[in-house]
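Worksheet: one structure, shown below.
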Amino acid sequence: MKRRTVFFSHTWKCDELKRNNHQRVMRLSNGMKRLGWNTWVDETSGDVHGFLDFALASAIQRCDVFAICLTREYVKKIDEASGRHSFVVDNCLKEILCARMLCKPVVPVVMEPCMRDMTTWGVVAGMGLGGFVYADASFNVDKNIELHTLLCNMWGGGPIMCTTPLVQRRRRPRFRPPPLRRWIGGGWTSSPSSSSSPSSSDPSSSDPSSSDPFSSSSDVPLSLVSSVSESVLSVRLSL
């Protein structure tokens, strides 16, 4: 069985609690390896050599899941780079743009407590990740079962949405129009398409006269219908 690869996009700057974010992401990566995942981080991966952009793009192309490690510094970094159109020198924003272009499944990972509020995710991350289920790694990074479970529950190559309904709605009953009738030889006759026997599950279809306005039990007498049809026929012959 192939081990899926997780690409961790993160910033090396410390978080608001003065913790080394890069070391915490490395611990998170090592913990995911112990749980059976392959990981890619831009320090210990063996293919980080030469042109960095080529190494990042190749790793994102080969990965199965793109994990964004959210901190306030990370959000500030990509928003500022996007606002001043300097994404050519910001690796984090280039990683996000590359993952979007390749349609990679994206999983947000909260790395500090203040980022549990989705309104603090900024413009770029908030627009692309708003409504996604996130994994909380604000404290536990050595063996994050929450991220492991979230990745195991992914299916079809798409992200898990927190707005996805868990219970499907009941189907609405299909509308069945009344059977069509044609005037043949002085009487109303069912059309060939409606000559089949009605379904036993529909009580209204078992008695055609209950819903047919042209049946013999209707309020309009057949003698009146016959006289009207004869007068129409005489008018046509006179023309």
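Bear in mind that the values in this text are calculations on the coordinates, not laboratory data. Computed from a predicted model, the values in this text were never measured in an experiment. Glycine also receives a Cβ, built like all others from the backbone with ideal geometry; neighbour counts cover every protein chain displayed.
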Practice problem: Using a 10 Å cut-off on Cβ atoms, rank the peptides 130-139, 5-14 from the highest mean neighbour count down. | Solution: 5-14, 130-139
Self-check item: Taking N as its residue count, the alpha carbon Rg of region 5-152 over 2.2 N^0.38 Å
Solution: 0.96
Quiz item: Once the piece of chain linking residue 119 and residue 102 is laid out straight, how much longer is it, given 0.36 nm per residue of separation minus the C-alpha distance between them?
Solution: 3.5 nm
Quiz item: So how do 68-81, 29-42 stack up, highest first, on mean other-Cβ count within 10 Å?
Solution: 68-81, 29-42
Quiz item: Which ³J(HN,Hα) values in Hz, rounded to whole numbers, follow from the phi angles of region 18-26 under the Karplus curve 6.51 cos²θ - 1.76 cosθ + 1.60, where θ = phi - 60° and Gly and Pro get x?
Solution: 6, 9, 6, 5, 5, 5, 5, 5, 5
